[in-house]
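Since the structure comes first, as structure tokens, the remarks are kept for the end.
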Amino acid sequence: MREYLAQIIAESGSLTAQEVVLHIAASAVLSIAIYVSYWYTHAGTAYSKKFNVSLMTLTVLTATVMTVIGNNIALSLGMVGALSIVRFRTAIKDSRDTAYIFWTIIVGICCGVGDYLVAGVGTAVVFIILMVLGRVRNENRILLIIRGAKERSADMERLVFSYFNKRALLRVRNTTAEHVELIYEMPRRIWQLNYRKDVDISDALYALGGTEYVNTVTQSDEISG
């Protein structure tokens, strides 16, 4: 048993020059699919050319590392120890970016060990899924911020509820001795119904009297860089 373990540890996992080139070239080709997918799904303000190029580079680098490691247990343990000192502090702007990072790593690992079928099929399936569903976005929400006289707060609330059919959710109510600030949250589609009315919600609130200002803010989970 000891001889068998010693033989495994001593294996160098050396590859021919042709195999090394094939591993790295395959990862580079598949990384193009990742590049196109990220470009398509992140079209707009969330798209980062630098991050997209980094995805391609990460795929090739992962394949290169796996090619070096091969089936050499001693080298793999040493590589894990060396890479464990790396700390990544870059903030992920979009939750989809995490999926792309894992995609590049998995493709690189598959290519690095010469499993091109798994890498190709997996890339094709993920590519189709992201091309079809990748542009799905969270619906933007509207925040309606109202500040006015405290004695008119009940009238303000009744007006807002009547305008949006009670679909406006009161999130914050700040009060002082003389003033009140109300913050409502609603889906964009509910807010758009306001424009079908004869009188805008802002004009109606000002007509009540005692209203200092009416602000509208678009809130989204998407973080643009």
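Some observations on this one:
- Only Lys, Arg (+1) and Asp, Glu (-1) charged, at Cβ; segment 141-219 dipole about Cα centre in debye: 480 debye
- Neighbour-count order for Y213, Y116, fewest beta carbons within 10 angstrom listed first: Y213, Y116
- Here the spin labels are modelled as points 7 Å beyond Cα on the Cα-Cβ line, and at N174 and K150 they lie 1.5 nm apart.
- Spacing of the two label points (7 Å from each Cα toward its C-beta) at L133 and V65, in nm: 2.8 nm
- Per-residue extension of 0.36 nm, minus the Cα-Cα distance of L117 and Y213, leaves a gain of 28.3 nm for this segment.
- Extension gain from K49 to E185, taking 0.36 nm per residue of separation minus the Cα-Cα distance: 45.6 nm
- The gain in end-to-end length when the F161 to T98 segment is fully stretched comes to 18.7 nm, 0.36 nm per residue minus the alpha carbon separation.
Just so you know, all these numbers are worked out from the coordinates, no wet-lab data involved. Quick caveat: nothing in here was measured; it's all calculated off a predicted structure. Quick reminder, even Gly has a Cβ in these numbers, built from the backbone with ideal geometry, and neighbours come from all protein chains shown.
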